[in-house]
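Dropping the structure in here first, questions after.
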Amino acid sequence: MNYSLAIHGGAGAIRRRDNVPARAALARSLDAGYETLKQGGSSLDAVVAAVAVLEDSGLFNAGRGSVQTGDARYELDAAVMDGATLRAGAVACVSRIRNPVLAARAVMEHSPHVLLAGAGAERFARHQGLRMISSSYFVKAKHKTPHGTVGAVALDQRGNLAAATSTGGVSGKLPGRVGDSPLIGQGLYVDNAGGAAGATGVGEEIIRAGGSLLIVEAIRGGRSPQEACEQAVRRLNALADVEHRDIGEIAREWLARSLP
Ligand code: GLY
């Protein structure tokens, strides 16, 4: 049975001196997600497992490695979506949850809502039994060179798609700023009837350009994932004053489209 996983740790090149640890973390993330799929686990289990590894690594701008706000705090965002049911969950502006991607999944599975933010999201996560942290958990800025937002899309053996995204946002952001990552349709979108997509880059630009939903709809309309992503990046660059070199999208089409 066909199954697959794609992950990213942000757009742009990884600096040479960061190359080995960052690539090792990406390999661990792929292993975690791929093993889940190989054992017959769901695409949702796989993307959450893959993203949690990157959140814990401290090497990417998500989870432990998140960048700071303008007032030297941490405000993290994450989301998940299930392509079989179109259920989704997200958290925004959280600073006390160790793995925001797990909290996003808990919002989807154990609340009537899609997005919880701030203190309410943290209280919910604590009640769900998720691990909480203090600000000393984060890798301090002077010791790190975090790469970007992290994300994953997967197709499982039952033909179901899922996606997950997690980020610390943009460095020096205003407190309370929310980017594309926790917004369903922007930082990610999944529909078994089309495809799965996740975005990385400056959230304000991604939101203005229309985000990941456009990519999934382009795939549904017959474009390949590659064409759909290129179209989205072209659209984004047309809206922006300067050409973006640090914007990326990953997408996976639905199984039926990928079979000969
Ligand atoms: N794409 C991550 C952010 O702008 O928050």
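Every residue in segment 149-172 that is surrounded by 23 or more Cβ atoms within 10 Å (Cβ to Cβ) and within 11 Å of the ligand (Cβ to nearest atom), please.
Across segment 149-172, the qualifying residues are 149, 150, 151, 165, 166, 167, 168, 169.
Take segment 45-59 and flag every residue that is surrounded by fewer than 24 Cβ atoms within 10 Å (Cβ to Cβ) and not in a helix (DSSP H, G or I).
58
When segment 173-222 is examined, which residues are found to be near the ligand (Cβ under 8 Å from one of its atoms) and either within 21 Å of residue 152 (Cβ to Cβ) or open to solvent by 40 Å² or more (accessible area, probe 1.4 Å) (or both)?
Listed by number, the residues that qualify are 178, 179, 180, 181, 187, 199, 200, 201, 202, 203, 204, 206.
Every residue, every condition in (1) at pLDDT 95 or above; (2) over 24 Å from residue 107 (Cα atoms), yes or no:
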{"residue": "9", "(1), (2)": "no, no"}
{"residue": "12", "(1), (2)": "no, yes"}
{"residue": "29", "(1), (2)": "yes, no"}
{"residue": "32", "(1), (2)": "yes, no"}
{"residue": "36", "(1), (2)": "yes, no"}
{"residue": "41", "(1), (2)": "yes, no"}
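Is it the case that some residue within segment 64-75 is touching a residue at least 24 places away in the same chain (Cβ under 8 Å), surrounded by fewer than 24 Cβ atoms within 10 Å (Cβ to Cβ), at positive phi and assigned to a loop (DSSP other than H, G, I, E, B)?
No: segment 64-75 contains no residue that is touching a residue at least 24 places away in the same chain (Cβ under 8 Å), surrounded by fewer than 24 Cβ atoms within 10 Å (Cβ to Cβ), at positive phi and assigned to a loop (DSSP other than H, G, I, E, B).
Can you tell me which residues in segment 78-127 are open to solvent by less than 10 Å² (accessible area, probe 1.4 Å) and in contact with a Cys (Cβ under 9 Å, 6 or more places away or on another chain)?
Hit for segment 78-127 is 121, nothing else.
Select from segment 162-198 the residues that are charged (D, E, K, R) and farther than 25 Å from residue 73 by Cβ and list them in ascending order. Quick ask: steps written out before the conclusion?
First pass over segment 162-198, keeping only residues charged (D, E, K, R): 173, 177, 180, 191.
Residue satisfying the conditions is 191 alone.
The values are calculated or read from the model by the stated rules, or taken from the named source; none is laboratory data. Note that the structure is a prediction, hence the values are computed from the model and not measured. Note that each Cβ is placed from the backbone with ideal geometry, even for glycine, and that neighbours are counted across all protein chains shown. To get the accessible areas, we keep the full protein, side chains included, count just its heavy atoms, and leave off ligands, DNA and RNA. Shrake-Rupley method; radii C 1.70, N 1.55, O 1.52, S 1.80 Å.
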